[in-house]
Structure formats: structure tokens, C-alpha cells
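Colleague: I am attaching a structure below and will ask some questions about it afterwards.
A short reminder: the numbers here are calculations on the coordinates, not readings from a lab. Everything quoted here is computed from the prediction, not taken from an experiment. Heads up, the Cβs are rebuilt from the backbone with ideal geometry, glycines too, and the neighbour counts pull from every protein chain shown.
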Amino acid sequence: MIDSRRLLWKLSLIVLVAAVSKAVFAEPSSISGLKNCSADDASLAGAEVGNRREAAELKPKPQREEGKGPGKGGAMKPEKKKTNIVEIPETKGGDVPLQPGDYMVKALEVKDGALVEGPETKWPGKWELFLKSSGVSAMHAILMPVINKVQFYDATIWRISEIKLPQGVPCHLYNHKTNAVDCFAHSVQVDIKTGNLRPLLLTTDTWCSSGGLTVNGTLVSTGGYQGGANTARYLASCDNCGWVEYPKALAVRRWYSTQATLPDGNFIVVGGRDALNYEYILPEGMNNKKIYDSQLLKQTDDPEENNLYPFVWLNTDGNLFIFANYRSILLSPKTNKVIKEFPQLPGGTRNYPGSASSALLPIRLYVENPPVIPADVLVCGGARRDAFYRAQYKKIFEAALNDCARMDINSANPEWRTEIMPMPRVMSDTVILPNGEVLIVNGARRGSSGWNLAKEPNYSPILYTPDKPLGSRFKELAATTIPRMYHSIAVALPDGKVLVGGSNTNDGYQYKNVEYPTELRIEKFSPPYLDPALVNVRPKIVTSATPKQINYGQMFNVRVGLNLPNVVKENMMITMLAPSFTTHSVSMNMRLLLLGIADVKYLRGNLHQVHVAAPTSGNVAPPGYYLLFAVYNGVPSVGEWIQIV
């Protein structure tokens with residue numbers, strides 16, 4: 001298949017000669033009876049233990065000897081053992097910003113009716129201010145299916161935000177002894193087109209929690225702080241729905257944990273502070289009592305932890321890739337046994353508070369798929385193993401890591417292949433775009449996650465193109481003017497833009513006499529494929545002729561309007577993007593599928609029918625809602641919601 005992302009620059013030239021036809025589109029908690037289960041070839045010796053460490057933001061840990069070796073929860077393997085690293089030379093990123101339609105000039109080459117060679121667009125993207133205030137600090141975010149509203153929430157511990165609960169909603173009585181009440185909202189839904197805010201009542205503390213979407217699009221939020229740590233919360237995707245909270249749903253406290261969707265649409269919750277184990281979420285209203293010990297989490301628990309918010313990705317074989325600190329395994333959710341341990345990734349730590357960012361790269365499918373479907377994991381940036389300690393106690397803000405490592409986790413001989421980013425990054429957010437490119441945005445160049453523990457904001461996002469040759473995959477894009485430090489978010493939107501918000505590195509909402517004030521402004525970023533010069537060649541899905549629901553293995557049609565001559569199958573992609581739950585540089589359940597295309601048939605005018613194969617199973621694509629995109633020569637349509645059942 002031709003690498004479509006190398007063709008963007010030519011599209012504006014095609015507009016001048018294309019025969020454009022007109023087409024009409026129709027358009028609350030104690031734990032009792034806790035059962036410990038054997039997993040990772042070991043059993044958990046006892047039930048939940050108390051917090052051995054307070055949050056770094058709340059209470060500094062006792063100082064320890066600088067340079068102390070890693071590990072407290074078991075015999076950690078030496079970091080340099082079994083590395084299997086291939087290093088790629090540094091490449092320069094970033095060009096002088098150009099105006100829309102400004103391209104490098106090269107003669108067009110035509111092959112079978114398709115342009116096949118030449119450099120990509122040099123338009124560096126564009127930032128716009130979407131909201132002056134989100135009302136609450138956007139610590140957590142997710143795009144809610146069908147209704148096209150983004151859910152933001154922060155933490156209830158501060159009992160304050162910049163938006164009150166709506167009239168008629170009673171204030172939350174949080175202290176029965178003093179009758180203290182909280183009349184502020186800590187959760188809002190934002191209409192992604194109008195910016196209208198709808199405040200919602202939250203009563204349990206969601207600070208540093210996790211989340212994901214059910215098959216029917218309901219948000220399930222798990223864990224948090226203090227009384228919220230054992231909670232599962234449910235928010236249905238509708239315009240007037242409210243939170244339903246179950247404070248005893250989880251077996252142990254989950255603070256800084258990761259939630260992942262399983263092939264059957266259920267959830268696993270992995271790790272968290274003082275929770276070196278995992279558990280499965282039971283149906284709504286039921287309380288789980290069963291936990292599974294994790295040797296990986298025990299053995300990667302540094303003095304600074306460095307294994308909170310582990311990266312958890314559902315592999316195409318139905319097993320779970322789990323990465324913590326610098327080590328990773330493949331875990332069977334059916335047997336709860338470790339199937340494989342992968343080569344270590346040296347150089348520093350990659351999980352909170354070291355806070356790299358990660359992605360499961362786009363999964364390429366075909367009409368007839370091979371027995372083993374490749375799956376590549378990307379891990380970018382991070383920090384020195386002692387970065388938190390040095391920033392917290394010595395006020396030394398070490399440079400973040402500048403490498404980006406990638407591994408085919410289904411390879412017979414997996415190895416990490418690393419290349420150098422244009423700049424070091426910690427606390428960045430990774431967003432898979434509908435055309436398969438990866439945006440890395442937000443964060444800092446020095447320091448660590450935590451309150452006031454990082455310096456030098458990364459104003460410029462970078463674009464990672466997975467299909468390009470090693471050493472040439474990065475491109476620096478247009479810079480924002482707003483620092484996005486600790487507690488920032490980034491979410492892909494149906495129109496191809498990326499919603500960017502958050503940044504609160506302070507204890508509460510603080511705006512004066514702090515280095516980085518609490519940030520409530522929300523921006524949208526337009527990636528290079530939204531170059532204004534390409535607007536007339538952007539595909540459009542005809543919603544009335546495209547299904548809203550599909551089954552596994554089904555062949556279905558997507559009707560696409562496209563103002564280009566000689567449309568060919570080789571340059572067409574139909575992709576499905578799962579909305580991610582984003583917090584603390586972790587994009588939980590983010591997933592892009594490149595569907596197999598059987599045929600592209602010309603209909604009339606500028607209409608084409610694309611005959612597509614649905615994903616084969618929940619291993620490849622868990623059931624639920626996805627955004628469906630038509631992509632031609634790297635330019636995506638507006639996404640339409642589709643549900644796999």
C-alpha cells in the first residue's frame with residue numbers, strides 16, 4: 001500500500017485540476033471478606049495494606065540516601081540485563097513555520113492514476129483558543145460517544161472549582177460532624193462544537209483515577225483518593241445523565257491505577273499506590289473481593305515508585321501487554337499467568353512519576369488476516385530513575401529522556417528500537433490521529449511529575465509517522481503559548497482536531513504567586529492534514545449510506561464523497577478510533593484500526609463506495625463505540641460514530 005502520508009503536499013495542486021462534481025448528501029468504605037488469588041506465579045500475602053506513602057503532592061517522603069539502588073518489593077533484575085536495544089541516530093525536528101499551502105516544489109509522478117512520490121505538507125498545524133474557562137481543572141478527560149461531549153473532572157478534595165452546581169442540585173454534605181457542604185462542581189461536560197458547559201455532581205474523590213467506556217458508551221471511572229479509592233462510578237452517554245457512584249466496588253484502594261478494556265468489553269484495573277496487584281471490575285452494583293498479585297509491580301517498585309499508572313494495552317491475541325518502570329510482560333486475563341517477559345527498556349523510568357507517554361500503534365487489518373496480527377507498542381520520553389527525588393529534595397531538575405522506543409510485541413524475537421525525539425519530554429500526552437499518525441503534545445523538558453517538580457514547558461508538539469523509515473519519523477509542529485505541565489490532557493475529536501487542556505501543578509486552584517498558575521483555558525490543535533489548502537479534497541462520509549452498528553467479521557460499505565479524479569484503493573483507508581480516557585500522560589484504551597478494504601467502487605458524481613471488512617474479534621477490537629473515518633492520501637474525513645456488537 002502506498003504510504004499516503006507522503007502525498008499531502010500534492011493535494012492542493014490537484015484541487016486546481018480536479019473535476020469537482022456537485023453531490024447531495026442525505027444526510028462509601030471498609031473491606032471485608034477480601035480474597036487473595038494466586039497470579040504471576042505467586043500469591044498476595046495478606047489483604048490490602050495501609051498507605052505506606054502519602055501522595056507526593058501532599059506529604060514529602062522521608063529523605064533517602066542519594067543513589068540508592070532500585071527495588072523494594074522483591075528481587076529486581078538488573079536494568080541492563082536483556083536489553084535488546086537498537087539505537088537510531090538523532091534527527092533534527094522542526095522547520096520555519098510556513099503559511100497555508102506553502103509547499104516544497106517537486107514534479108508530480110503519476111502511477112495507475114495515483115500520485116506516488118514527493119515530500120509531505122510543511123504546514124505545521126494551528127492552535128486556537130476554544131474556551132476561556134473549563135470551570136474545572138481538566139485532570140481527566142474522555143470524549144463521550146454519540147453526544148459528542150467531552151467529560152472533564154478533577155478532584156473533590158479541594159472543595160472548590162470555578163463553576164457551581166446547577167440550580168436545583170443540592171450541595172454535597174461531606175462532613176456530617178461539622179455539616180460542611182461542597183456546592184462546587186468537580187465534573188463538567190463540554191459540548192465540543194459550542195463550548196457549552198454542563199456541571200455535574202460528584203461526591204467521591206476522583207483524584208488520580210482511571211476510566212473507560214462500556215459497550216453501550218457508559219463511562220466507568222475507578223479509584224481515586226481517600227473515600228473515592230475503592231469506588232466505581234458510572235456516567236451514561238446522554239445529555240442529562242448524572243453520575244452513579246458505588247464506593248465499595250473495588251477490592252483494594254486504586255490510586256494512580258490503569259484501567260483497560262478486555263476482549264469481552266469488561267475491565268481490568270492494574271496497580272496503584274500501595275496496590276501491587278490487579279482486579280477485574282464486576283457488573284454495576286456488585287462489589288469485588290478478589291485481587292491478583294503482580295510480581296512485575298512488586299519488582300519494579302522503586303524508592304520513587306516509578307511504576308504507577310502502568311501502560312496496559314490489549315494485544316491482538318487477547319492478552320495484556322503491561323509495562324511498568326522499564327520492564328514489561330504479556331499477561332493472560334483468562335489464566336492470570338505471565339505468558340512472556342519482554343526485553344527491558346533501559347535509560348530511565350517510563351511510568352509515574354517518571355511519566356513517559358505510550359501508544360499501541362495503529363493495527364493494520366486485511367480482508368483475510370494472518371494468524372498473528374502484528375502489534376507495535378511505542379514508549380516516548382520519561383525521566384531519570386531518581387528525577388522525582390532530585391526535584392523534590394534538591395531542587396535539581398534533570399533533563400527528561402529524549403528517546404522514543406518501539407517494539408513489535410508479537411514478534412518471535414521482540415526488541416526495542418529507539419530513536420531520538422527533537423527534544424526531551426516528560427508528562428507528555430500521546431494522541432493517535434485518524435490517519436495513523438501520532439501526536440505527542442504537552443509536558444516539560446526537565447524534572448518529574450508532581451507538584452512544581454518540572455521546568456521548561458514543551459510548547460511544541462511533535463508528529464510521529466509510524467510508516468516512515470527509522471530515523472525520520474519525527475516532525476516538530478507549531479507551538480502553543482500556554483504551558484501544559486502536570487495534570488494536562490489531550491483528546492482526539494471527530495473533526496480531526498485535538499482538544500488540549502488542563503495543567504495544574506499546584507495544591508488546589510491557584511493563580512497568583514506561582515510559577516505555573518492553574519490553567520482552565522482549553523485549546524484545539526489542527527494537525528497538518530487540516531491545512532486550509534486541502535479543505536476541498538477532504539473526504540466526507542455519507543452517513544445515510546453507512547451503518548451505525550456492525551458485527552465481527554461482517555463485510556460492510558462506507559459511502560464516501562471525494563472531490564478527486566482517479567480515486568484508487570491503494571490511497572484509501574477506513575479507520576476506526578476508540579476514544580481514550582486520558583490522565584497523567586496515560587491514554588487508556590486508545591486504539592486505531594486500519595480496516596481491510598476489498599474494493600473501492602465509483603458510483604456517480606464524487607461518490608464512491610468502499611467495501612470494508614469489520615474486525616474479526618474482540619481481541620482486535622473490544623465491543624463498543626468507535627469513530628469511523630475515511631482517509632484519502634492522509635487526509636481524514638469527519639468521524640462518524642459506529643458500534644461493534
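Colleague: Over segment 410-532, calculate the relative contact order: mean separation of alpha carbon pairs under 8 Å at least 6 apart, over the residue count, as a percent.
Modeller: 19 percent.
Colleague: Continuing with this model, one more query. Give a residue-ordered list of calculated ³J(HN,Hα) values for segment 421-427 (Karplus: 6.51 cos²θ - 1.76 cosθ + 1.60, θ = phi - 60°; whole Hz; x for Gly, Pro).
Modeller: Using θ = phi - 60°, the values come out as 6, x, 7, x, 8, 9, 6 Hz.
Colleague: Which value, in Å to one decimal place, does the Kirkwood hydrodynamic radius take for segment 134-293 when every pair of different Cα atoms is included?
Modeller: That comes to 15.9 Å for segment 134-293.
Colleague: Using packing as a proxy for protection, rank 215-223, 485-493 so that the peptide with the highest average count of other Cβ atoms within 10 Å comes first.
Modeller: 485-493, 215-223
Colleague: Sticking with this structure for a sec: Below 8 Å between Cα atoms, with a sequence gap of 6+, how large is the relative contact order for segment 134-293 in percent?
Modeller: Normalised by residue count, the contact order of segment 134-293 is 15 percent.
Colleague: Over the alpha carbons of segment 549-645, what is the largest minus smallest coordinate on each principal axis, giving the biggest first in Å?
Modeller: Cα extents, longest axis first: 45, 28, 19 Å.
Colleague: Shifting gears a bit: From the phi of every residue in segment 540-553, what ³J(HN,Hα) in whole Hz does the Karplus formula 6.51 cos²θ - 1.76 cosθ + 1.60 yield, where θ is phi - 60° and glycine or proline is x?
Modeller: Taking θ as phi minus 60°, the curve returns 9, 7, 7, 5, 6, 10, 10, x, 9, 8, 9, 10, 4, x Hz for segment 540-553.
Colleague: Hey, can you grab everything whose amide H is under 5 Å from the amide H of Gly211? Only 5+ residues off in sequence or another chain; H modelled, so Pro and N-termini drop out.
Modeller: Thr222, Gln259
Colleague: Taking the Cα centre as origin and putting +1 on Lys and Arg beta-carbons and -1 on Asp and Glu beta-carbons, what dipole magnitude results for segment 134-293, to the nearest 20 debye?
Modeller: Rounded to the nearest 20 debye, it is 220 debye.
Colleague: List the residues whose amide H sits under 5 Å from the amide H of Tyr552, counting only those 5 or more places along or on another chain, with H placed 1.01 Å from N in the peptide plane.
Modeller: Val645
Colleague: Going by how many other beta carbons lie within 10 Å of each one, how would you line up Ser472, Ser448, fewest first?
Modeller: In order of increasing Cβ crowding within 10 Å: Ser472, Ser448.
Colleague: Moving to a separate point now. Each residue of segment 410-416 in turn: what ³J(HN,Hα) in whole Hz from Karplus with 6.51, -1.76, 1.60 and θ = phi - 60°, glycine and Pro shown as x?
Modeller: 3J(HN,Hα) across segment 410-416, in whole Hz: 9, 5, 5, 10, x, 8, 7.
Colleague: Hey, can you grab everything whose amide H is under 5 Å from the amide H of Val542? Only 5+ residues off in sequence or another chain; H modelled, so Pro and N-termini drop out.
Modeller: Amide H neighbours of Val542: Arg559, Val560, Gly561.
Colleague: Another question about this same structure. Among 268-276, 413-421, how do they line up by average Cβ neighbours within 10 Å per residue, starting with the highest?
Modeller: Descending mean neighbour count gives 268-276, 413-421.
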